[in-house]
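Q: Before we start, here is the structure in question, set down as structure tokens.
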Amino acid sequence: MATKKESQSKAKGLEDLFHDGLKDVYYAERKILAALKKMAKGAESDELTAAFEKHRDETEAQIERLQQVFEIFGKRPQAKTCPAIDGIIEEGQEILEEFKEA
């Protein structure tokens, strides 16, 4: 049977893990927001521009919700670099550049 101290330690460990994941998601959403703004500007149809702008608005709302979660936990909103989203954004920028050149 786990002692009270062991249970508190596990809970603290889970909270730290959650906070770390929250920082990753916050970073990703902010990077996506910046990319969506660029994609909306680069879109060649009104329909595609509208879709990117709608997604941008949804992403802004998601960032606000994440900031509320940080607040609930008594933490300031903080991003942690996420190489996975950086790679996805970089690939998207390359596609945009190729499309502009075509």
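Q: For the stretch 68-73, in order, what is each residue's ³J(HN,Hα) by Karplus, 6.51 cos²θ - 1.76 cosθ + 1.60 with θ = phi - 60°, in whole Hz (x at glycine and Pro)?
A: Those phi angles translate into 5, 5, 4, 4, 4, 8 Hz.
Q: Roughly how many nanometres apart are two label points built 7 Å out from the Cα toward the Cβ at Q78 and E58?
A: Result for the modelled spin labels: 3.1 nm.
Q: Continuing with the same structure: Once the Cα atoms of helix 4-42 and of the chain are each reduced to a long axis, what angle between those two axes, in degrees from 0 to 90 to the nearest 10, is obtained?
A: With both axes taken from Cα atoms, the answer is about 10 degrees.
Q: Which pairs, out of K12/K54; K12/K37; K41/K75; K75/K100; K54/K80, put more than 32 Å between their alpha-carbon atoms?
A: The answer is K12/K54; K12/K37; K41/K75; K75/K100.
No lab work stands behind these numbers, since they all come straight from the coordinates. Keep in mind that this is a model prediction, so the values were computed, not measured. No Cβ is skipped: glycine too gets one built from the backbone with ideal geometry, and neighbour counts run over all protein chains shown.
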